[in-house]
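The values are calculated or read from the model by the stated rules, or taken from the named source; none is laboratory data. Quantities reported herein were computed from a predicted structural model and do not represent experimental measurements. Neighbour counts run over all protein chains shown; Cβ positions are idealised from the backbone, glycine included. Surface areas here come from the heavy atoms of the whole protein model, side chains and all, with no ligands, DNA or RNA. Shrake-Rupley method; radii C 1.70, N 1.55, O 1.52, S 1.80 Å.
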Amino acid sequence: MDGKVKEQKRHQQKHSGPKAERKKLKKQEGSTEEDGRKRNPKAFSVQSAVRMAKTFHRSQDIKTKKHHIPHVDRTPLEPPPIVIVVVGPPKVGKSTLIRCLIKNFTRQKLGDICGPVTIVSGKKRRLTFMECNNDINTMIDLAKVADLVLMLIDASFGFEMETFEFLNICQVHGFPRIMGVLTHLDSFKNNKTLRKTKKNLKHRFWTEVYQGAKLFYLSGMVYGEYQIQEVKNLGRFISVMKFRPLVWQTSHPYVLVDRMEDLTDPERVRTDPKCDRTVSLYGYLRGTHLKNKGQVHIPGVGDFQVADVNFLPDPCALPEAQKKRALNEKERLLYAPMAGVGGVVYDKDAVYIDLPASHVNQQQEEVRPTTELVQSLIDTHATLDAKMAASKVSLFSGSATLDSTDVGEHSGEEGPREECVWDPNTQRKRRKVVFTEKEEEDVSGSSDDDEDGDVDSEDGDQEEQEEDEDEDNLSTFLKDARAESDETEKTVTDAPPAKKQKVEGGKKRGEESAEVPAFADSEDDLEMSEEESEEEGENVRAGDSGHCSEEDEEESGDDDDGEEEEDDKEESEDESMEEDDAAGATMKKQTASESEEEEEEQGGLRWKEGLQQKASEAFLRQQKAAPNLRKLVYGSVVEADDSDDEEQELGGLFRVSRPQNSKKSQANGVDSSRFDPDASHNWDLEEMLNSIRDCFVTGKWEEDQDAATLLKEDEELYGDFEDLETGKVHKGQTGEQDQAEQNSENDEDDADDDDNESLVKVDDDEVQKKKRLEKKQRLKERFNAEYDDEDATYFDDLKEEMQKQAELNRAEFADVDDETRVQYEGFRPGMYVRLEISSLPCEFVTNFDPHYPIILGGLGASEGNVGYLQMRLKKHRWYHRILKTRDPLILSLGWRRFQTIPLYHIEDHNGRHRLLKYTPQHMHCGASIWGPVTPQGTGFLAVQSVAGTKANFRIAATGVILDLDKSVTIVKKLKLIGYPYKIFKNTSFIKGMFNTVLEVAKFEGASVRTVSGVRGQIKKALSTPPGAYRATFEDRLLMSDVVFLRSWYPVSVPQLYNPVTSLLLPAGQKDSWAGMRTLGQLKHDLGIRNKPNTDSLYKPVVRAPRHFNRLHIPKELQKALPFKSKPKQQQPKGKTPRDLQRPSVIREPHEKKVAALLLALSTVHNHKRKKAHTAQHAKHKEFLQQKEKLEEAKLKRQKEARKKLYRIQGQVDQKKSRSSLKGAPQDD
């Protein structure tokens, strides 16, 4: 794409056809409308002021509805990736959608979705995808950290309960942005059914979320993936979406962990597998700033103290800030360590690279510097100790090679030896270290300082041997070596620098590694360098790079003879580079020893040739650089590049810093007498002169050092002043201007002075004029800002104020480096941090499952404490059971999920908090729990069980925190019952209510009642029986009355706080956490049946008939009563005597016949009479109808006659009135 942009095909406009005709008509209509508007403007003006006002009000309402309370924008310059949680019931397409979106953004296919997957979606946006499985714990945790929720709905099935559960969880913990995605739409064969289903689901989704919530349709699948265009559209919506800050997230730091490392000592784990683990967790910091050594909560594990926090390089960094339309392929990053994707993994002190062996050869030419170094590390099969033990070294060219055993035998001082000794105290064999006599005398052996066993002891033996026995030989040897290295350096400097990083495949790798050794033992080594390079090339192909790092070469040039051991210590500390250095050194040993063996076979001991010349050259070489014993002992080391780059990449990963003090002596050093002048500077060139021009007074200095600038600042600061010694007055700028004006007015001065003064005056006038104009401009802008602000509203002012605050916050630490900034403000959101937590349960590591999210939620100052909480709670309307007091309940509050025992209560009109046995229906009630202190106003939700999936809705209740203290005293009703045992007129003695006199004394003056409603009061305790008292009542009691006292008893809140430790369960059982069981569950599991209270059972009521006494009226009262009310002396009726009783008549047969005939005749007669009566009634009815008709006709005739009469009468009256209007004759 070298500037060549492919020209797109230009659009050909249609000149004929239906489309062109429509366009022509449209243009003509538009022109006529405009002409009409010009011709008759009144016709197009506002017709109705009312309609115009309504339209205006509506538009303003719509605009105002979009306003939110402005918050200070605290998002960092590099915000953390947006957390996108994909939620839905099982088998709805969550993993497929994530894979398609990742492929859309990064062009990469991902297999199993494990843990968070972070990608770069644009120039300024990164996304972290997380799949939410069908577990209520996971749903609760991810709802707290989600920025965007993609809610997948199976359109062929409809809404499932998991969708509504997650929506209710989101409503409680702060509602993130939610987008619905309909899948399985290809199962609809009928288009009408599809449209109807879409509409129904959309409106139901709007009801739950908000009107107009976005709902995407994924119409079908092609080869197991969703259609590319639909996924691309969904990705575009995600890329441009804006997010509203949620209160809980913006006030608490939190990390969604994308990587976990166990740092526990393996030996400790081996001895005690159940020991607590030290774990480092990695992830992007979100929310607010995180302080080191703070307290965090891991949902599903518990509260922990952070041992250490560090920020690491961003593993999924945003691309460079340059103007471009799209991302390059290299910038489409994908980072998912738990899914085994991401390549480079950063740690506190190392970088790990996941490099599959199959991809190395394919990507060799593209990413060669990276893979060469890393592949050499990966292909190393032998350990460092094994390599060092197998290595051989020769001190002189052509001499016999020495291995580690020979060094121990032939050296004058042997290393420490092991001796097995039986210890009678401990009754076991112990490995004792035995030293030689000489080592016991000389305590300062190098082996004491080393910790690496055989390798370091060999080095120590060799150094002691050289120091003690062969000092003369060593000095001669060093001189020879320096002379040789000097010659080598000359040859190397003449030749172009060899670059060891770039390897052009198998052949070039072998060729380019053939380099001249920096320190050669002899000329033979220089001649043999080609053979060694070939052997090194073979070793590189075998898997080891064969090079030591450039850092070692730099250090070797800097260090003196005595600093060799310190280098070894530094290498042991730097674990990330140790293997590479040791491997390179080992390879050098092997190649040097092999070449020397060949030389010995040829019988050439040529190192003695030209000793005088070599010694003189070695002296000059010694002046330039101190020797490096490692190069002298181990043979040639690759020469560093002499290129101008101060920072050269090593393997594409590490940068080798080259400080200025890398050379032993410099021109500007304290001792520059030994400096060898560089003849490369040609001072005749203009560039060389310009390079040192600023070193002189005439050059351009910095502002705080330039003399002219400082004088000018002093002049502006102090202005006019008088020199007291000479009496001369020095003027500032304004003074000079006044003086110039005076001099211009004075005509007596010389002409030259006049010219100079006029020039000064002109310059000063221009300066003053410019200043005046700037001042006027500033005043005008200030005036405009104060008074010309008609359109600005209070909302705009508030937004501007928040914007200023956000800019101030960003500018405060803008120029401070991250290390210093972290100390002041903590770790800011957007950083990729590493948190080290000690004393984590071992089950967290052993039962780790990447499909379940790990969240580190930061806790506030007091949020780590546990205390009493007062809450307002309402049972969810979809939960099928009411909640019972003292039944354990699992709450999700803040970051935590825990089980506690709530007490439900309601506030009466007098302020008393009365205990409730059950939660009320469709009503809020109070609840008191013992739990973690959480800020007021924080929402919570309650579930009765998190184990498995239930058939019904799982969220039992929702609510909010009200108070954080024990101020509310919950009381429950207590009825004390007593019975009267002695009754006077209005006084009674009651027993059975209390047990002691002291109890009665506490309740003196309390009001009591009987069941029949008679009220009374407790007066005094009686001596016997104990607990009896005297009470007065409104009326006389009966012995059958029951007296009761209504009292209130305070109830204490049970102290149970049981965190839900679901992440500690084994891999397949994380959704089966079970805490304390309810009383009903316990009875059901143990098979216990409730024994009912006999008084509470329903039984038939048997009431005995009551006999009332006869009413007794005194005789005096009887006399005063009227006769009607006086009791009558009524004798009871006796039996009728037998003689007065009427005897029964018995008829004869003839009489019976006569009676029957009479009865028949009377029946016939009655029937005839009834029939005649009926006929007469019908005839009379017909007569009445006829009569009514005649009456109607008569009335009609009379009405017509009256009308006629009234008409005639009206005409007569009209004539009379006309004649009267004519008036009297004029004569009168």
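Quick look at the numbers
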| read-out | value |
| --- | --- |
| Scope region 977-1034; condition part of a helix (DSSP H, G or I) and under 12 Å from Leu1045 (Cβ atoms); matching residues | Glu999, Val1000, Lys1002 |
| Some residue of region 952-966 being over 60 Å from the mean Cα position of the chain (by Cα) and either free of Cβ contacts under 8 Å to residues at least 60 places away in the same chain or open to solvent by 40 Å² or more (accessible area, probe 1.4 Å) (or both) | no |
| Checking Arg1046 against (1) surrounded by 12 or more Cβ atoms within 10 Å (Cβ to Cβ); (2) closer than 24 Å to Pro902 by Cβ, the condition it does not meet | (2) |
| Boolean, Ile970 is of a type in the set (A, V, I, L, M, F, W, C), more than 12 Å from Ser1047 (Cβ to Cβ), within 60 Å of the chain's Cα centre (by Cα) and surrounded by 15 or more Cβ atoms within 10 Å (Cβ to Cβ) | yes |
| The one condition in (1) more than 30 Å from Thr138 (Cα to Cα); (2) part of a loop (DSSP other than H, G, I, E, B) that Phe1044 fails to fulfil | (2) |
| Cβ-Cβ under 6 Å pairs, at least 6 apart or on other chains, region 104-126 side under 17 Å from Asp258 (Cβ atoms) and of a type in the set (Lys, Arg), far side crowded, with 23+ Cβ neighbours inside 10 Å and at pLDDT 90 or above | Arg126/Pro81 |
| Close pairs from region 924-943: first closer than 21 Å to Arg954 by Cβ, partner aromatic (Phe, Trp, Tyr), Cβ under 6 Å, at least 6 apart | Cys925/Tyr904; Ala927/Tyr904; Gly931/Tyr1057 |
| Among (1) in contact with a Lys or Arg (Cβ under 7 Å, 6 or more places away or on another chain); (2) of a type in the set (D, E, K, R); (3) open to solvent by 70 Å² or more (accessible area, probe 1.4 Å) - the single one Asp908 does not satisfy | (3) |
| Test for Trp895: is it open to solvent by 40 Å² or more (accessible area, probe 1.4 Å) and under 24 Å from Gly857 (Cβ atoms) | no |
| Filtered residues of region 192-216 (kept if at pLDDT 90 or above, of a type outside the set (D, E, K, R) and open to solvent by 70 Å² or more (accessible area, probe 1.4 Å)) | Asn200, His203, Thr207 |
| Single unsatisfied condition, Phe129 versus (1) in contact with a Ser or Thr (Cβ under 7 Å, 6 or more places away or on another chain); (2) aromatic (Phe, Trp, Tyr); (3) in a strand (DSSP E or B) | (1) |
| Close pairs (6 angstrom Cβ cut-off, 6 or more residues apart or separate chains): more than 14 Å from Asn952 (Cα to Cα) and without any contact (Cβ under 8 Å) to a residue 40 or more places away in the chain in region 156-176, in a helix (DSSP H, G or I) and open to solvent by 40 Å² or more (accessible area, probe 1.4 Å) anywhere | Ser156/Ser187 |
| Failed criterion for Asp1041 (all others in (1) closer than 30 Å to Lys982 by Cβ; (2) open to solvent by 30 Å² or more (accessible area, probe 1.4 Å); (3) out of contact with any Lys or Arg (no Cβ under 8 Å at 6 or more places or on another chain) hold) | (2) |
| Matching residues in region 1074-1119 - criterion: being exposed (fewer than 10 other Cβ atoms within 10 Å of the Cβ), among the aliphatic types (A, V, I, L, M) and not in a loop (DSSP other than H, G, I, E, B) | Leu1086 |
| Members of region 279-306 found to be of a type in the set (A, V, I, L, M, F, W, C) and open to solvent by less than 10 Å² (accessible area, probe 1.4 Å), listed by number | Val279, Leu281, Leu285, Val296, Ile298, Val306 |
| Region 167-185: number of residues that are open to solvent by 80 Å² or more (accessible area, probe 1.4 Å) and out of contact with any Phe, Trp or Tyr (no Cβ under 7 Å at 6 or more places or on another chain) | 1 |
| Selected residue (criterion: surrounded by the fewest Cβ atoms within 10 Å (Cβ to Cβ)) from residues of region 1051-1073 that are within 21 Å of Gly894 (Cα to Cα), within 27 Å of the chain's Cα centre (by Cα) and aliphatic (A, V, I, L, M) | Leu1064 |
| Pair list, Cβ under 7 Å, 6 or more apart: region 1078-1097 residue of a type in the set (S, T, N, Q), other residue surrounded by 10 or more Cβ atoms within 10 Å (Cβ to Cβ) and at pLDDT 90 or above | Thr1078/Asp887; Thr1078/Pro888 |
| Of all residues in region 834-885 being in contact with an Asp or Glu (Cβ under 9 Å, 6 or more places away or on another chain) and closer than 23 Å to Thr969 by Cα, the one that is surrounded by the most Cβ atoms within 10 Å (Cβ to Cβ) | Leu869 |
| The listed residue being open to solvent by 10 Å² or more (accessible area, probe 1.4 Å), touching a helix residue (DSSP H, G or I) at 6+ places or on another chain (Cβ under 8 Å), outside any loop (DSSP other than H, G, I, E, B) and under 22 Å from Gly212 (Cα atoms), out of Phe164, Phe159, Phe105 | Phe164 |
| Failed condition for Ile98, given (1) touching a residue at least 40 places away in the same chain (Cβ under 8 Å); (2) closer than 25 Å to Gly220 by Cβ; (3) surrounded by fewer than 23 Cβ atoms within 10 Å (Cβ to Cβ); (4) among the hydrophobic types (A, V, I, L, M, F, W, C) | (1) |
| From the options Lys770, Lys799, residue that is in a helix (DSSP H, G or I) and without any contact (Cβ under 8 Å) to a residue 40 or more places away in the chain | Lys770 |
| Test: residue in region 902-910 that is without any contact (Cβ under 8 Å) to a residue 24 or more places away in the chain and assigned to a strand (DSSP E or B) | yes |
| Selection status of Leu152, more than 14 Å from Val341 (Cα to Cα), more than 20 Å from the chain's Cα centre (by Cα) and open to solvent by less than 10 Å² (accessible area, probe 1.4 Å) | yes |
